[in-house]
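Contents: one structure, followed by commentary.
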Amino acid sequence: MPDLPAALCLALLLVGLCGLLMNILLLIIILRSPLLSRKGQPVFIHIFSMVLGKTFQLLIIVFYIAPSIAFQRFPFQETEYGDVVLSIVSYAFYTFWVHSCCSNTVLAFSRFVIIICADSPLSSVCASRLSVFCQSGAIWCFSAILSLVTQFVLPCCHVKIDYLHYGYSYEVFDGAFNYSKYYVNLPANIIHTIIFFMFYASIVVFLWKHRIPVGSASRRESELAVQFLFIAAFFSLTWISFNILPQTSLGSLPATVMLECDCAAAAMIYLTMNRDIRRYIRGSQEGLMGCSQQSVSAMRKSTLQSSYRYRPAARSAEL
């Protein structure tokens, strides 16, 4: 394996597989729990959609990028469809990246409106199930269109899977201006990062001033905001490591490992910090240990009851 210690490639696989296991576990828990039902929190539609996109991105890293690095050639490269497969995989890879970026921004905006602007009509719109479902669908559509423009319409230079750089890179031609990086990727990443950190900073200041009581609806939304903040921080470190930090002899390998950590961070944070998911896990564990079906059902009912529908009018009373 030229220029790359086998241990680094193995680390790439191990990190990706661990992230995949956590993401798949989280997706199964959300699907099997009442969290996506009409009585659950609508925000879990966003969470499920975002984790699904990150899972697909990890699948590409583990089953396409890592083998390419190991064997120093692309899968199907010797066939007549090799270039087509590479273009499709690169397009999908970039689409999932844009989806993650947009999801972080929409989640930051919705937490800002629901927590700080709770008395406005926009808060009820952001918290409604239909609105969240439409937002999630719009994010997927926008990501696919922007990726299509960046990868196939702009004259230069699309993001591609690149085993020579141990991950992914811009396909730059001699003397060509990198439209994708300087007109799309870099400005979009900077703007999105400023937006969601500005929203989360406002939420932190608001919580510090008002001392939200434990157990209140606003407190629960605040806990979600903290979880989303950690995920947004991982995302920011990832794009900075790819677009700003200087390239080393390892190419984009540090950025690829950082991307894997970003894809796994969401599942790790929700599995360890989200009380609704942890409550459902505890209920499932009790069922496996021999508890009665009534006990497990009661636990799931508790999860539903805690998955409240946020009521903006109640905030003034809580404060």
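The values are calculated or read from the model by the stated rules, or taken from the named source; none is laboratory data. Note that this is a predicted model, so its numbers are computed, not measured. Glycine also receives a Cβ, built like all others from the backbone with ideal geometry; neighbour counts cover every protein chain displayed.
Of all residues in the stretch 103-137, those satisfying the criterion of being within 17 Å of the chain's Cα centre (by Cα), within 23 Å of Ala233 (Cα to Cα) and not charged (D, E, K, R) are Ser103, Asn104, Thr105, Val106, Leu107, Ala108, Phe109, Ser110, Val132, Gln135, Ser136. Considering only residues in the stretch 158-193 that are outside any helix (DSSP H, G or I) and hydroxyl-bearing (Ser, Thr, Tyr), the one that is modelled with the highest pLDDT turns out to be Tyr170. The single condition among (1) of a type outside the set (Gly, Ala, Ser); (2) free of Cβ contacts under 8 Å to residues at least 60 places away in the same chain; (3) in a helix (DSSP H, G or I) that Glu80 does not satisfy is (3). Here Arg32, Arg38 are screened, and the one residue that is at pLDDT 85 or above and among the charged types (D, E, K, R) is Arg32.
Considering only residues in the stretch 119-140 that are of a type in the set (S, T, N, Q) and touching a Phe, Trp or Tyr at 6+ places or on another chain (Cβ under 9 Å), the one that is surrounded by the fewest Cβ atoms within 10 Å (Cβ to Cβ) turns out to be Ser124.
So that you can scan it fast, the table gives a plain yes or no per residue for (1) over 30 Å from Asn185 (Cβ atoms); (2) part of a helix (DSSP H, G or I); (3) among the small types (Gly, Ala, Ser):
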{"position": "Val98", "(1), (2), (3)": "no, yes, no"}
{"position": "Ala108", "(1), (2), (3)": "no, yes, yes"}
{"position": "Ile115", "(1), (2), (3)": "yes, yes, no"}
{"position": "Ala118", "(1), (2), (3)": "yes, no, yes"}
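In the stretch 194-227, of all residues being of a type in the set (A, V, I, L, M) and touching a Lys or Arg at 6+ places or on another chain (Cβ under 7 Å), the one that is modelled with the lowest pLDDT corresponds to Ala217. When we screen Ala118, Ala108, Ala70 for residues that are under 22 Å from Tyr168 (Cα atoms) and touching a residue at least 12 places away in the same chain (Cβ under 8 Å), the only hit is Ala70. Taken together, the criteria exclude Gln72 from residues that are surrounded by fewer than 20 Cβ atoms within 10 Å (Cβ to Cβ), more than 19 Å from Ile195 (Cβ to Cβ), modelled with pLDDT under 90 and in contact with a Ser or Thr (Cβ under 9 Å, 6 or more places away or on another chain).
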